[in-house]
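The values are calculated or read from the model by the stated rules, or taken from the named source; none is laboratory data. Just so it is clear, the model here is predicted, and its values are computed rather than measured. Methodologically, a virtual Cβ is constructed for each residue, glycine included, from the backbone with ideal geometry; neighbour enumeration extends over all protein chains shown. Heads up: the accessible areas ignore ligands, DNA and RNA and are worked out on the full protein's heavy atoms, side chains in. Shrake-Rupley method; radii C 1.70, N 1.55, O 1.52, S 1.80 Å.
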Amino acid sequence: MLARIIIGLAITALCFAVAGRRFYWLSRLIRSGKPAPERRPSLARATEAEVVEVAGQRKLLRWTIPGVAHFFTMWGFTILLATIVEAYGALFSRDFHIPLIGTDNWLAFLEDFFATAVLLALVVFSIIRLVNAPARKERQSRFYGSHTGAAWLTLLLIGLVIVTLLLYRGAQIDTGHFPFMRSGWVGYAPAQASRGFAALASPWAFASKVVAGWLAPLGVGVNSVLEAVFVLANIAVIAGFLVFVSYSKHLHIFMAPVNVAFSRRPRALGGLDKTPDMDMEHVTEDTVFGAGKIEDFTWKQLLDLATCTECGRCQSVCPAWTTGKPLSPKLLVMGLRDTMFASADRLLTGAEGEVATLVPTTIDPDVLWSCTTCGSCVEQCPVDIEHVDAIIDMRRYEVLMESRFPSEAALLLRNMENQGDPWGLGAAKRTEWLAALDFEVPVVEGEIPDDLEYLYWVGCAGALDERGRAQVVSTARMLHRAGVAFGILGPRESCTGDPARRMGNEYLFQEMAKANIETLTAAKVRKVVASCPHCFNTIKNEYPALGGEFEVIHHAELLGHLVATGRLTPGVSFTGTVTYHDPCYLGRHNRVFDEPRSILSAVPGATTVEMRRHRERGFCCGAGGARMWMEESIGKRVNLERTEEALSTGADVISTACPFCMIMLDDAVKASGRGDDVAVLDVSQVVERSLEARSAGSVS
Ligand code: SF4
Ligand code: SF4
């Protein structure tokens with residue numbers, strides 16, 4: 001007995017010392033990041049995050065089979081903490097049981113049920129890994145680039161934890177030292193030993209009893225040895241697993257609950273996290289904009305890096321990766337994490353010196369500039385890693401500190417700066433689309449009149465691009481038909497600054513945003529209806545940080561409301577099959593999924609059909625993140641990939657609610673040779689077509 005106590009405690013002390021040292025080192029490394037004062041969650045929000053994301057496994061369960069397997073593994077390890085207490089107790093007394101509850105049948109059942117469930121989950125994980133092995137599927141595998149050897153070792157160690165557990169419990173039964181015996185059990189008796197103890201063990205410990213049956217022929221003497229050996233083996237595997245976890249991607253077992261507690265709730269989408277102080281009066285020679293070195297990230301961003309499980313869910317949904325670009329959000333996080341570990345000495349000592357910038361040393365420029373900021377990675381990541389903010393931080397550094405960015409984007413920035421729109425067409429053209437209307441739309445010059453309920457934010461594409469104009473014309477007509485009173489800013493409207501911000505030019509964004517906020521505030525605007533999801537997102541979620549608080553609604557929301565309340569009733573002139581494409585900044589970033597669909601469902605002649613990737617899983621059109629104005633020379637074009645999916649539904653109308661999506665999808669439909677039989681229409685255009693024949697002045 002003394003030997004088993006000494007061996008068990010020695011193994012434990014050694015492993016806890018090694019793992020404890022590693023965790024202390026990790027905590028110092030993460031705390032070396034820049035402050036993140038906004039990341040102080042309230043207890044209520046942190047509790048909600050733990051309940052929903054960790055206990056409820058919300059995101060993991062979206063992928064049913066691996067989600068259920070992970071659910072049982074996570075809860076298995078939680079429940080089986082009781083068996084660890086029992087194992088350590090058995091070191092000191094063979095008849096140990098947890099006080100008060102340690103002999104109850106429900107505990108016996110829970111322990112055996114979860115031990116069995118974890119074993120089954122391991123089988124499921126193994127099959128998933130074999131089916132999706134990178135060697136078989138290459139880039140299509142979500143495990144491509146992950147440390148697959150470590151993943152298999154993890155499965156093996158978890159399996160050993162369960163196997164040694166069941167073996168020591170089986171041997172305990174065969175020696176009469178099992179905590180869960182039937183009522184009336186009075187303890188070990190030599191007479192009973194000769195008949196066997198298995199029949200006296202609780203039937204609720206069903207798995208342990210099966211193992212006891214296998215070991216029983218070995219006799220009480222051998223089982224006594226096995227009992228001691230497997231208790232020690234169980235303790236050794238658990239303690240060794242702790243060390244392994246602290247050095248591997250399985251760190252997420254401990255990091256994920258912490259990361260989730262400090263995550264942006266309900267999700268890290270919509271507006272960007274940080275609004276840096278761009279006031280040039282506050283700039284010193286030490287000021288750094290964005291993230292150029294690993295030490296420029298906040299501690300929360302470093303925590304993100306340490307939390308990645310390499311599951312590859314983000315990679316499998318990334319429009320850049322799935323169309324052959326070099327950007328994988330998983331590999332980006334892993335690359336930054338490796339850099340963080342490699343830079344640990346510098347981070348911990350604060351040593352100065354020449355340090356290579358993240359781009360191009362760790363992150364290739366083609367990786368950085370391939371991102372459309374669609375948010376699919378953030379949406380799917382089960383441990384709430386915030387890829388988009390990290391990418392924009394690195395773009396900020398590249399643009400503002402190094403003046404490095406794709407050359408074709410220079411024209412975009414110049415046009416925005418000089419003309420107030422990405423195309424450089426100028427303010428005077430912003431009212432040309434009004435000529436297609438047969439009613440007056442007031443152009444607000446001073447303060448917005450009280451009888452105008454909404455300021456219609458037309459957006460650059462809506463005002464200046466031919467296909468965008470067709471959309472805003474239809475929207476204006478439908479609003480007018482429903483009796484909504486609205487005006488526009490006309491030449492006083494300028495780009496919200498979204499493309500500059502997603503490009504990393506935070507300075508230009510803030511200049512444009514402040515000017516727009518000043519205009520809207522001076523005009524005493526209360527309610528804004530925006531046609532472009534990017535404008536909608538920026539005014540709604542990003543202007544408040546710069547002092548602009550407005551009530552903002554997207555035109556699909558407003559039209560949906562008008563249809564639902566009977567103020568706008570679609571007609572019968574339209575017939576066709578319609579599939580709806582979710583714009584990333586309307587759907588995933590702002591959760592407007594139902595309203596556009598409710599509009600289409602209200603059109604009597606429209607048969608709606610969903611694409612495979614829709615709603616939260618909607619696939620980007622390729623225009624976001626200022627990609628609209630950059631060359632796409634690597635891999636397949638994202639808009640082609642999306643349009644092929646839309647065409648495969650058999651729809652004759654691809655509907656959406658974003659001018660950029662319309663342009664990208666329309667280009668791809670034409671490139672596919674289907675321009676004559678498939679139309680790309682905004683939801684407002686579908687409603688308008690249902691109501692009447694197109695008027696002579698129509699733009700589309
Ligand atoms: S935001 Fe979209 S494009 Fe960018 S890394 Fe994430 S999934 Fe890929
Ligand atoms: S970033 Fe998130 S989704 Fe992507 S591999 Fe890591 S844990 Fe999985």
Next item on the list: Could I have the simple spin-label model distance between residue 610 and residue 364, label points 7 Å from Cα toward Cβ, reported in nm to one decimal?
Entry: 3.6 nm
Check: Treating the beta-carbon of each Lys and Arg as +1 and of each Asp and Glu as -1, no other charges, what is the dipole magnitude of the chain about its Cα centre, to the nearest 20 debye?
Finding: 2480 debye
Checklist line | Solvent-free Debye scattering, log10 I(q)/I(0), computed from the Cα coordinates of segment 420-562 at q = 0.11, 0.16, 0.19, 0.21 Å⁻¹ | finding: -0.36, -0.79, -1.15, -1.43
Notebook entry, point to check: So which cysteines in the chain don't have a second cysteine's C-beta under 4.7 Å from them?
Noted result: 15, 308, 311, 318, 371, 381, 460, 495
Item checked: Sorted peptide list for 140-146, 547-553, 346-352, criterion being average Cβ within 10 angstrom, highest first -> 140-146, 547-553, 346-352
Next item on the list: Would you kindly find the accessible area of residue 429, with a 1.4 Å probe and non-protein molecules such as ligands, DNA and RNA excluded, rounding to the nearest 10 Å²?
Entry: 80 Å²
Check: By per-residue mean of other Cβ atoms within 10 Å, what is the highest-first order of 228-237, 642-651?
Finding: 228-237, 642-651
Next item on the list: Using only C-alpha positions, report the orientation-averaged shadow area of the convex hull of segment 537-581, nm², one decimal.
Entry: 4.7 nm²
Note to self: I need the semi-axes of the equivalent ellipsoid of segment 399-466: take the C-alpha gyration tensor, multiply each eigenvalue by 5, square-root it, list largest first in whole angstrom.
What the structure shows: 32, 15, 9
Margin query: Could you compute Rg(Cα) / (2.2 N^0.38 Å) for the chain, with N its residue count?
Written below: 1.16
Check: In percent, what relative contact order does segment 280-401 have, based on Cα pairs under 8 Å that are 6 or more apart in sequence?
Finding: 41 percent
Next item on the list: Report the calculated FRET efficiency for residue 633 and residue 440 (r = Cβ-Cβ distance, R0 = 35 Å), to the nearest 0.05.
Entry: 0.15
Checklist line | Förster radius 51 Å - calculated FRET efficiency between residue 133 and residue 47 (Cβ-Cβ, nearest 0.05) | finding: 0.85
Next item on the list: Determine, for each peptide in 663-675, 158-170, 59-71, 433-445, the mean count of other beta carbons within 10 angstrom over its residues, then list the peptides with the highest first.
Entry: 158-170, 663-675, 59-71, 433-445
Item checked: Solvent-accessible area, 1.4 Å probe, carbon plus sulfur percent, for segment 570-691 -> 46 percent
Margin query: Going Cα to Cα from residue 249, which aspartates and glutamates come in below 17 Å? Please leave out same-chain ones fewer than 8 positions away.
Written below: 304, 310, 338, 384
Note to self: For segment 586-642, what are Rg and Dmax over the alpha carbons, in angstrom?
What the structure shows: 14.2, 42
Notebook entry, point to check: Can you pull the three principal axis extents for the Cα set of segment 355-394, in Å, largest first?
Noted result: 32, 19, 13
Next item on the list: Could you check the simple spin-label distance between residue 594 and residue 247, using points 7 Å along Cα→Cβ, in nm with one decimal?
Entry: 5.2 nm
Note to self: Net charge around residue 212, counting only other residues with Cβ within less than 9 Å of its Cβ (Lys, Arg = +1; Asp, Glu = -1)?
What the structure shows: +1
Next item on the list: Assuming 1.567 mPa s and 4 °C, estimate D for segment 527-630 with Stokes-Einstein, Rh taken as the Kirkwood radius over Cα pairs, in µm²/s.
Entry: 86 µm²/s
Check: Tell me, what is the 1.4 Å probe accessible area of residue 678, in Å² to the nearest 10?
Finding: 10 Å²
Note to self: How big is segment 280-401 along each principal axis, measuring the range of its Cα positions in Å and listing the largest first?
What the structure shows: 41, 30, 23
Notebook entry, point to check: What is the set of long-range amide H partners of residue 34 at a cut-off below 5 Å, with H atoms built 1.01 Å from backbone N?
Noted result: 297, 298, 299
Next item on the list: Convert each backbone phi in segment 258-265 into a coupling constant with the Karplus relation 6.51 cos²θ - 1.76 cosθ + 1.60 (shift: θ = phi - 60°), then list the ³J(HN,Hα) values in order as whole Hz, x for Gly and Pro.
Entry: 6, 4, 5, 4, 9, 6, 6, 9
Note to self: Using a Förster radius of 35 Å, what is the FRET efficiency between residue 648 and residue 58 based on their Cβ-Cβ separation? Nearest 0.05, please.
What the structure shows: 0.70
